[in-house]
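Visitor: Take a look at the following structure, please.
The values are calculated or read from the model by the stated rules, or taken from the named source; none is laboratory data. Predicted model, so just to flag it, every value in this text is computed and none were measured. A quick note on method: Cβ atoms are made from the backbone with ideal geometry, for glycine too, and the neighbour counts reach across all protein chains shown. Just so you know, the surface numbers come from the protein's heavy atoms only, side chains and all, with ligands and any DNA or RNA stripped out. Shrake-Rupley method; radii C 1.70, N 1.55, O 1.52, S 1.80 Å.
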Amino acid sequence: RSRLRKQAECEELGSRVGSLTEENEKLKTEVKRLTEQCQALSQDNTALRECVVAAGGKIETEAPALPSGPTEEEKKMAAAAGAKAAAEAMEAAKKAAALAAGDSDEDTKSPEQGVKEDGDDDPSK
């Protein structure tokens, strides 16, 4: 039973890794698209401002600055999150490999998991 539970957990983690990888790619594509759109809108804004000035108009506000990208703190947070996800994926892959090789699940138990689930050896029960 424990082996089946662990195998199901590994399959679930593998599926999660796949879906998160897919979501990450979609988000990267969306960020790229939005960045390009923002740059195009900024160029349009600059051209319109130049037209206003050329027509004798006065612009009283500054042109908005384009976002400069993620801050160093945001980069560190993203790197840490990526490292954590990679470690989780690696652990899931190790578990799956151990199960596939038919290794005992004894070496992957934490101390809390050392208690037998079925047929306890306690004679008082």
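Visitor: Of all residues in the range 5-33, which are of a type in the set (Gly, Ala, Ser) and open to solvent by less than 70 Å² (accessible area, probe 1.4 Å)? Don't jump to the end; show me each part of the working.
Guide: Just the residues of the range 5-33 that are of a type in the set (Gly, Ala, Ser), to begin with: 8, 14-15, 18-19.
If the condition is that a residue be of a type in the set (Gly, Ala, Ser) and open to solvent by less than 70 Å² (accessible area, probe 1.4 Å), then ALA8, GLY14, GLY18, SER19 are the ones that fit.
Visitor: Just to be sure I understand, how many residues within the range 52-69 are of a type in the set (A, V, I, L, M, F, W, C), surrounded by 10 or more Cβ atoms within 10 Å (Cβ to Cβ) and closer than 30 Å to LYS32 by Cβ? Spell out how you get there, then give the answer.
Guide: Step one: of the range 52-69, the residues of a type in the set (A, V, I, L, M, F, W, C) are 52-55, 59, 63, 65-66.
Cutting the leftovers down to surrounded by 10 or more Cβ atoms within 10 Å (Cβ to Cβ) gives us 52-53, 59, 63, 66.
Of the ones still in play, those that are also closer than 30 Å to LYS32 by Cβ are 63, 66.
Counting residues in the range 52-69 that are of a type in the set (A, V, I, L, M, F, W, C), surrounded by 10 or more Cβ atoms within 10 Å (Cβ to Cβ) and closer than 30 Å to LYS32 by Cβ gives 2.
Visitor: Which of the numbered conditions does GLU72 fail, given that it passes all the others? Conditions: (1) surrounded by 11 or more Cβ atoms within 10 Å (Cβ to Cβ); (2) modelled with pLDDT under 90; (3) of a type outside the set (A, V, I, L, M).
Guide: Single failed check for GLU72: (1).
Visitor: Please tell me if ALA80 is part of a helix (DSSP H, G or I) and at pLDDT below 90.
Guide: Working: part of a helix (DSSP H, G or I): yes; at pLDDT below 90: yes.
Criteria met by ALA80.
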